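Take a look at the structure below.
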Amino acid sequence: MENAEYARLLSETADLMEIAAEDGFRIRSYRNAASAIEGYPERVHDILANPERQVTEIPGVGKGLAFVLHEIRERGSFERRDEMLARYPPTALEMLKIQGLGPKSIAAIIEHYRVSTIDGLERLCREQKLRELPRMGAKLEEKVLRSIASYRQSAGRFLLSFTSEVAVEISEYLAALPGVERVEPAGSVRRGKETAGDLDLLVLASDPQPVLDHFVKFPRISEILVKGENKCSAKVGLEGLQVDVRVLPRESYGAAMQYFTGSKVHNVALRTRALKFGLSLNEYGLFRTSDNERVAGETEEEIYGKLGLDWVAPELRENQGEIEAALEHRLPNLLDLKSIRGDLHMHTRETDGRATLEEMAETAIGRGYEYIAITDHSKALAMANGLDEARVVAFANQVRELNKEGRLGIRIFSGLECDIRRDGTMDIEWDALAELDLVIASVHSHMNLESNEMTDRLLKALECPHVRILGHPTGRILLHREGYPYDFERVAAEAAKRGVVFEINASPERLDLHASLIRAAKAKGCRFTIATDAHHPRHLANMPFGVRTARRGWLEDRDVLNTLPSDEFISALRGH
DNA sequence: GCCGTTTTCGGCCCGACTGTTTTCAGTCG
């Protein structure tokens, strides 16, 4: 059992305890332990199995939770969880995902109506029954119905970070088998799309049967859906991600890779083009229609080449002009992860981060960076203990000293993620902002403004001369919340004029800006930074997701300021 | 339930908003 599953059992139980109105501090302990375990570098399972080790060495795990963890290892559950599940059905956990409903409301709904499914909840709203409960009314019924609709839309999809992790795990498992030459993800995961419905893995091997026999023995498989001669589909893990494994011979590996990478619209355009050449393209290869002779199939490059096209990077395969560009040899020279020289958005213990500046710097050095910016929150985020003017100035001085000493071995930029207030003004006085190397302006509150009010707010924020970057510019949370609406073109044009750059937030839950808006902004003359918004040193490893998103937005190295060496970076950021 | 101690019990990020009230509980971040 992996750490993520231990963490999941704890945090699910915490959710149920919240519905049961148990002690809030105890619930927090469960949550803290879950997050500590999830990020712990060693397998909890192994520590539990080792009589010479103590799980209490994990911060946040004391005697009580150590006992719980041992129980999970032995039987996959624990007493309090069983007790909670006897009181509330597991579907109650699903109800917590509906925005506008919290544990108290859910407890009341279950108690009064014995309803604990999303469908049942929807019926209650439609029949206007929710308003009969205390402190609930017509507005809430409407809000819940809207939330249910958006929840259904995102259900069954998974974040790129999650599918990528499973892809690596299963690839390594399969690649260990003799006779397996290559294992690679195809589909939307290979295209770097922010969410995926399933995971396609292609395996290059001459004999499919041993590969599929090995796959079905993968320990985290919960259900085998299909097992044929060349393909096997199974549900993996508690999350139930569907994984399709296809085994292919060398001569059609490229064709299969092309076919299963998609997207569907890109493939349709490609097949249409093939027909014009008297060719036909399928997952086995490119064939001459006249005599069914195979003309390509082993690699993608030869398939695209035979169609008169340059090879198209998977991130671009959305039929958004990439085929025309490939024909005219004007595909972009896409940004490379290796070009990134620094990370520009991260938090420390000063606010809601989990590590110190020194620990973040050390991890950044390990990633080969030349510089980082520390950008804690401003005071409007009181829950995060945001910085006020005095702390901002003190921090700027501290960073000046650190850079002078040079003992950290990496250049630090003093930064701030400054809240944009409802009226578009900055949460920190300008003279304090002036002390910093770099100010990111972000919206964290009042996200449900009308589009024109939000547009004015962002335009006003751009007026502050110290603002250099617009942080997570749409505010979306993938599978959870849409971005706030505003006139993007207008804001992008103004940002370009003022030299304020757009952040591409690499956090897998955000990936904000997303591809289509990146392209729209680039067309307006905007430039970009890519940053992880790390709250923990391990989050610095999320940079590849941001880079892939930038690639989906057709960006090249020169569009992204943190590909520049530190001196050039800071002067480019300041617009000179 | 964890942690840190002034070592065995008290503290644990909290402010803003919303919709429902008639002074505030519940949700969100």
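The values are calculated or read from the model by the stated rules, or taken from the named source; none is laboratory data. Being a predicted model, the structure only gives us computed values, none of them experimental. No Cβ is skipped: glycine too gets one built from the backbone with ideal geometry, and neighbour counts run over all protein chains shown. Ligands, DNA and RNA are stripped out before the accessible areas are found, and what is left, the full protein with its side chains, is counted by its heavy atoms. Shrake-Rupley method; radii C 1.70, N 1.55, O 1.52, S 1.80 Å.
Solvent-accessible surface (1.4 Å probe) assigned to residue A:548 amounts to roughly 60 Å². Here the stretch A:158-248 has an Rg and Dmax of 12.0, 33 Å, counting Cα atoms alone. Among the protein heavy atoms of the stretch A:3-154, carbon and sulfur supply 47% of the accessible surface, probe 1.4 Å, non-protein parts ignored.
When peptides A:429-441, A:447-459 are ranked by their average number of other Cβ atoms within 10 Å per residue, the highest-first order is A:429-441, A:447-459. The residues of the stretch A:34-160 expose, per residue, 58 Å² of accessible area to a 1.4 Å probe. Within the stretch A:11-75, the GluC sites (Glu not before Pro) that combine a DSSP coil assignment with at most 10 other C-beta atoms in a 10 angstrom radius are A:52. Considering only alpha-carbon pairs that sit under 8 angstrom and 6 or more positions apart, the relative contact order computed for chain A is 9 percent.
With distances taken between every two different alpha-carbon atoms, the stretch A:52-196 has a Kirkwood hydrodynamic radius of 19.3 Å. In debye to the nearest 20, how big a dipole does the stretch A:158-248 give about its Cα centre with +1 on each Lys and Arg Cβ and -1 on each Asp and Glu Cβ? With only Lys, Arg, Asp and Glu charged at Cβ, the dipole is about 120 debye. With all protein chains in place and a 1.4 Å probe, the accessible surface of the stretch A:264-327 carries 51 percent carbon and sulfur. Only lysines eight or more places from residue A:522 in sequence, or on another chain, were considered; those with a Cα closer than 19 Å are A:497. Summing Lys and Arg as +1 and Asp and Glu as -1 over all other residues whose Cβ lies under 9 Å from the Cβ of residue A:428 gives a net charge of -4.
Within the full protein context, the accessible area of residue A:327 is estimated at about 80 Å² for a probe radius of 1.4 Å.
Taken one residue at a time, the phi angles of the stretch A:75-85 give Karplus couplings (6.51, -1.76, 1.60, θ = phi - 60°) of 9, x, 7, 8, 4, 5, 5, 4, 4, 5, 5 Hz. Gly and Pro are set to x.
Dividing the summed -39500 (n - 2.57) terms of all DSSP H runs of n ≥ 4 by the residue count of chain A sets its mean residue ellipticity at 222 nm at -13000 deg cm²/dmol. When each of the peptides A:370-379, A:76-85 is scored by how many other beta carbons lie within 10 Å of its residues on average, the order from highest to lowest is A:370-379, A:76-85. When peptides A:296-306, A:123-133 are ranked by their average number of other Cβ atoms within 10 Å per residue, the highest-first order is A:296-306, A:123-133. Placing +1 on each Lys and Arg Cβ and -1 on each Asp and Glu Cβ, with no other charges, gives chain A a dipole about its Cα centre of roughly 1080 debye. The Rg/Rh ratio of the stretch A:209-338, with both radii computed over alpha carbons and Rh defined as the Kirkwood radius, is 1.05. In this structure residue A:112 has an accessible area near 110 Å², from a 1.4 Å probe over the protein heavy atoms. Excluding same-chain neighbours fewer than eight residues apart, the aspartates and glutamates reachable from residue A:217 by a Cα-Cα span under 15 Å are A:169, A:172, A:244.
Over the stretch A:264-327, all Cα pairs binned in 5 Å intervals from 0 give whole-percent P(r) values of 4, 19, 32, 28, 13, 4, 1, listed from short to long.
For chain A, the alpha carbon positions stretch 76, 64, 59 Å along the principal axes, listed from largest to smallest. Taking K and R as +1 and D and E as -1, what net charge do the other residues with C-beta under 11 Å from the C-beta of residue A:410 add up to? Its environment carries a net charge of 0.
With all projection directions averaged, the alpha carbon convex hull of the stretch A:268-413 covers 13.5 nm². Would you work out the relative contact order for the stretch A:3-154, in percent, from Cα pairs under 8 angstrom that are 6 or more residues apart? Rounded, it is 21 percent for the stretch A:3-154.
The lysines within cross-link reach of residue A:97, meaning a Cα-to-Cα straight distance under 17 Å and a gap of 8 or more places when in the same chain, are A:143. Cross-linked pairs A:104/A:139; A:193/A:338; A:193/A:276; A:139/A:460; A:231/A:276: Cα-Cα separations exceed 24 Å for A:193/A:276; A:139/A:460; A:231/A:276. Is the C-alpha gyration tensor of the stretch A:426-570 telling us rounded, prolate or oblate? Criteria: a/c under 1.5 is rounded; beyond that, a/b larger than b/c is prolate, otherwise oblate. The shape class here is rounded.
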